[in-house]
Structure formats: structure tokens, C-alpha cells
């Protein structure tokens, strides 16, 4: 019996080790996780008695964590409620901002600021650190609320406060969803790791509060020090990691917001300052966070909303709004766009002299032109009306209630008449800026894309 069981464990350990970058010797795993008592009797066969599972002790979870390079030293607490995390020492996290974020696999910025070797070395030190602490805290969640087009996430942390903060960003996911998922994301939180780990990445990460590093290829995010307190950096990293997973599952991930007006849902692309400076505007938004998944199942924000009573999955957008900013008067206050024009303005993301392709300032592994083509297909397929709103009409900033009214006017098709201005020199200058930037950054723009 003992030999049969050992063979079974050996096969399981080998299968688990093949899924890791650095396979662990089975003898090492067995000695740490499966200490057994073997009372030998002359008149009976050998028996093996395993310790009973209980709070913090789950052999299935231990094996799963070992597959991610983390060995449970003592206990691993799984999917604790907020009150249970607080009993284990979780406290309110200090909100930080501006901590370094390094993303490998960012198509927007070009060359990665962290190499494969650097991330591998960092991950090895972080998993070694997590394997040395007595208590681990493991929490599961998801980016995106649709189970068909989401990206499952597992948090492995040495700090219950980090789990409490991060779990508030993610959507809830059913038990065992991670174990049945083909490509889950992993967040490794090493809050108590030695500050010397920063030297792996170099001077760019020498912030006293900590740093974050993500690798799209490994579907992994590392948060060192107090980096888990920088919600914006964490969301940017998770959005980058989740984007290819969501795309592979039939969803279109976009840096946008959902606005609800009556029975209508509007997909809104807008500059960050307009979103943050309009408190009245926030009431109409499902979430102030950028990140929306559009799919055949409906539309959903990337991250959890503060309104627990709000639906997690909404209907497909009734219309699409692109909020651009132009103080020269070349752009009218409101104008209707064809699908090709909508894709063109989306790709440009023009903001008063600057271009923000795909309206996204965060890292992304998907080229903006690919997103623009996918958006064009969605607009045609759903026959969605699209509009461009100039939020800096004649130098006058438009936000809050006034912007909501303009959005509502597009829904009722009661928009101001726009006179032809094709011969206007200001329009010609702006068209030239669009063409110069986009043709220089993106090759082979579709003929359908137009100003």
C-alpha cells in the first residue's frame, strides 16, 4: 500500500513540476508537504496516516501553489472573507501612487523595460520568499464580470492587508474556477521581501515604497513592498495581462467606460482629466475605472464597481461616444461618425495637440491598430451609431452635467446641425496632424479609416 501511494504521489509531483519554470525535486516536495507516520507491525502491512486537513491546510491547494513555484511552509488560507482577513491582521491600506511599473510584453511602448531574464530572476526570489513565510493568503477573482470572457486571477500573498485591498478590485469567481481555467493570471505579493530585490531590475525601480513588475508571457504580476497599495498601477498591470486572455475568449477589451442613461448603455471614450474632474458625471458612469469588455454576451467593466447592487453584466452599448479635445475650433461640438471615421478617431485619441492611441495611457500587449480594426467590425456588426464630442469647444471645457446632456442628445438623435467646414484651414491643419502622426506610427491603415 505504501509503495502504491508513493508512486501515485510521484506521478502527481512530476506532473506539477512540469508546469513550472524550475521543476522541484519530488523528494523535496514530499519531505515538506507529506510528512507521514508509518507504524510498523510484524503481523500487519504498513499503513500511512496523513494529517487531517483543516483551516490553512489543504493538500490540493498546496499542490496548486507548488505548480506556481510556491511551497507552503505552514498554512495557506484560501478565499477568506473580509472579516476573516481582518481577524488575521488585515488593515486598511495606505493609498499610494506613482510607484514604478515594469511590463514585459507591452506593444504600445515598444521595447520592454524589463527583460525575460530579469523577470525570471525576480520571480524566483519572490517565490522563494513566499515559500519561507509561515502563513500565506490565497484569494481568487477575475478581471471582467462575464464568466465567458473574463480572465481568472489568483493572488498569493504574504500579507492579509494586500489580499483585502486587491480582492476589492476583482470580481468574485466561483470556487475551483481557477483550477478549471486554462490560462489564469497570478499575482505574487511579497510585501516583506528584502528591499535589495529592487537591484534585479535596476535604478528605475529604486522607489522606497516598492515596485510592480508584470510579464504578459508568464501571465504573472509581482508586487514588492507596498506596491499593492498603488491601485492604479495594479489595475494597469492587470489590464495588460488580462487583455490577451479576454481577446482569445471572444471579448473586445477597450480602455473605455460605460455610461447608463435610462434604458441605454453608452460606450464612452474620454480623456482621464474629463473623467476625474466631473463629479456629477460620475453618477452616470458604471465605473470611473477605464476598462470595458464588449462581447456577444453584453458589456462589463474590467474591475468591480463600488455599487454592489449594480448589475455585473449590462446589455451591448446603444451608441459609442468619442470625447476629443480641440481648442482651435476645427472640431464641431457634436458630430456623427461613420464606422470608418469612428475607428480612425479611436486610433488617434486626439487630445488638444497630443495623440493617445486607443485612448489608453496604460501598457497593452495588443497593437492599437488591431483594436481599431476589431472596433470597426463591432460597430458594423451591431450597427452602433457613433458620435464625436469636442470637450474643449472653442477653449471652453465641457464636463459634468453638460457632457451628460450632450451624450443624452445623441441618444435622442437631437444633436446640433453641423455646417460643412471641409474648406476651413483649421480643419485642414488638423487633418494633416492626424495623417502625419498615424501614418508614421501605423503601417497600412485601412482605406475605410478617414477623418
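Would you confirm whether any residue within segment 343-352 is touching a strand residue (DSSP E or B) at 6+ places or on another chain (Cβ under 9 Å), modelled with pLDDT of 95 or more and farther than 30 Å from residue 233 by Cβ? There is at least one residue in segment 343-352 that is touching a strand residue (DSSP E or B) at 6+ places or on another chain (Cβ under 9 Å), modelled with pLDDT of 95 or more and farther than 30 Å from residue 233 by Cβ.
Here residue 237 fulfils each of the conditions (1) in a helix (DSSP H, G or I); (2) not assigned by TED's automatic domain parsing to the domain that holds residue 142 apart from (2).
Within segment 358-378, can you find the residues that are buried (at least 23 other Cβ atoms within 10 Å of the Cβ) and either more than 23 Å from the chain's Cα centre (by Cα) or assigned to a helix (DSSP H, G or I) (or both)?
358, 359, 368, 371, 372, 375
When residue 150 is tested against (1) over 16 Å from residue 184 (Cβ atoms); (2) buried (at least 18 other Cβ atoms within 10 Å of the Cβ); (3) under 18 Å from the mean Cα position of the chain (by Cα), only condition (1) is not met.
For residue 208, the conditions (1) farther than 17 Å from residue 153 by Cα; (2) part of a helix (DSSP H, G or I); (3) out of contact with any helix residue (DSSP H, G or I) (no Cβ under 6 Å at 6 or more places or on another chain); (4) in the same structural domain as residue 105 (by TED's automatic domain parsing) are fulfilled apart from (2). If you go through segment 102-160 and keep only what is assigned to a loop (DSSP other than H, G, I, E, B) and under 22 Å from residue 76 (Cβ atoms), you end up with 131, 132, 133, 134, 158, 159. Evaluating residue 313 against the criteria (1) at pLDDT 95 or above; (2) over 30 Å from residue 99 (Cβ atoms); (3) under 20 Å from the mean Cα position of the chain (by Cα) leaves one unmet condition, (1).
Residues of segment 266-286 that are over 18 Å from residue 345 (Cα atoms) and either in a helix (DSSP H, G or I) or at pLDDT 95 or above (or both): 273, 275, 276, 279, 280, 281, 282. Take the residues in segment 287-301 that are in contact with a helix residue (DSSP H, G or I) (Cβ under 8 Å, 6 or more places away or on another chain) and not in a loop (DSSP other than H, G, I, E, B); name whichever of them is surrounded by the most Cβ atoms within 10 Å (Cβ to Cβ). Per the stated criteria, the residue is 293.
With respect to residue 180, is the statement that it is in contact with a helix residue (DSSP H, G or I) (Cβ under 7 Å, 6 or more places away or on another chain), closer than 23 Å to residue 239 by Cα and outside any helix (DSSP H, G or I) true? The answer is no for residue 180. On the given criteria, is residue 92 assigned by TED's automatic domain parsing to the domain that holds residue 140, exposed (fewer than 15 other Cβ atoms within 10 Å of the Cβ) and either on the phi < 0 side of the Ramachandran plot or modelled with pLDDT of 80 or more (or both)? Yes: the conditions hold for residue 92. Scanning segment 345-354 for any residue that is under 12 Å from residue 253 (Cα atoms) and part of a loop (DSSP other than H, G, I, E, B) turns up nothing. Determine, yes or no, whether residue 191 is closer than 21 Å to residue 88 by Cβ, free of Cβ contacts under 8 Å to residues at least 40 places away in the same chain, surrounded by 17 or more Cβ atoms within 10 Å (Cβ to Cβ) and more than 18 Å from the chain's Cα centre (by Cα). Taking the combined requirement at face value, the residue satisfies it. Does at least one position in segment 330-339 carry a residue that is modelled with pLDDT of 95 or more, within 19 Å of residue 256 (Cβ to Cβ) and buried (at least 20 other Cβ atoms within 10 Å of the Cβ)? Yes, segment 330-339 has at least one match.
The values are calculated or read from the model by the stated rules, or taken from the named source; none is laboratory data. No experiment lies behind these values; they were computed from the predicted model shown. Neighbour counts run over all protein chains shown; Cβ positions are idealised from the backbone, glycine included.
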